[in-house]
Amino acid sequence: MISDQLLFVLKLCLLAVLYLFFFRVVRAVWAELRPSPAVPVPPVSGAAPVPQPVKRGRKDRAAAATSKPKLVILEPAENAGRSFDLDGEVSIGRAAGCQVTLDDTYASQIHARVFARDNQWQIEDVGSTNGTWLNRHKVSGPMVVQRGDRIQIGNTVLEMQ
């Protein structure tokens, strides 16, 4: 039979596991609900190399230089073709307040932001759970985004055009 002391220790262990689980759930919810920081982030020197854009023809480059940049969903197929104009700062995520709203369970409420700085577009992960990827490189700090670059958030792939 199980002694009373062993039973008491097992009860304490179960209680500790329950409290740790509760703490983890509260922490995850808090991270999702916390607003993104409004403090400007200084440019990162020595960051990972920025991937080169897809090579385009002369006509494509001329048209791209004069048109307003936008993000176009490539995957999943049911959302392919949806586009979002880039104007100032754009937030990407599942929350209704995001300018680019994704129906993707692997995307955080506020997952990433795309913004203009020093005449360049940059992307930054804002503390998402699953990370943001630029041309298959994990985004760690602000990274320059150029036309033709692909951004992956969860199962959603966007291209900057």
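The values are calculated or read from the model by the stated rules, or taken from the named source; none is laboratory data. Computed from a prediction, not measured in an experiment: that's the story for all the values here. Here Cβ is always computed from backbone atoms with ideal geometry, including for glycine, and neighbour counts include all displayed protein chains. Heavy atoms of the whole protein, side chains included, go into the accessibility calculation; ligands, DNA and RNA do not. Shrake-Rupley method; radii C 1.70, N 1.55, O 1.52, S 1.80 Å.
Key figures for this structure:
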quantity: Test set (1) modelled with pLDDT of 90 or more; (2) under 23 Å from Ala107 (Cα atoms) - Ala31 fails condition number; calculated: (1)
quantity: Subset of the stretch 81-96 that is under 15 Å from Gly154 (Cα atoms) and of a type in the set (A, V, I, L, M) - its residue that is surrounded by the most Cβ atoms within 10 Å (Cβ to Cβ); calculated: Ile92
quantity: Those residues of the stretch 124-140 which are hydroxyl-bearing (Ser, Thr, Tyr), part of a strand (DSSP E or B) and surrounded by fewer than 18 Cβ atoms within 10 Å (Cβ to Cβ), in sequence order; calculated: none
quantity: Tally, over the stretch 141-161, of residues that are open to solvent by 10 Å² or more (accessible area, probe 1.4 Å) and in contact with a Pro (Cβ under 8 Å, 6 or more places away or on another chain); calculated: 5
quantity: Out of Lys11, Lys59, sole residue that is of a type in the set (D, E, K, R), farther than 23 Å from Val139 by Cβ, at pLDDT 70 or above and not assigned by the TED database to the domain that holds Arg136; calculated: Lys11
quantity: Where a residue in the stretch 4-32 is over 21 Å from Asn130 (Cα atoms) and its partner, wherever it lies, is open to solvent by 80 Å² or more (accessible area, probe 1.4 Å), with Cβ under 9 Å and at least six apart; calculated: Leu10/Ile2
quantity: Residue among Gln120, Gln99 that alone is of a type in the set (S, T, N, Q) and surrounded by fewer than 17 Cβ atoms within 10 Å (Cβ to Cβ); calculated: Gln120
quantity: Some residue of the stretch 78-101 being in contact with a Gly (Cβ under 8 Å, 6 or more places away or on another chain) and either part of a loop (DSSP other than H, G, I, E, B) or of a type in the set (D, E, K, R) (or both); calculated: no
quantity: Condition check for Ile123: without any contact (Cβ under 8 Å) to a residue 60 or more places away in the chain and over 18 Å from Pro76 (Cβ atoms); calculated: yes
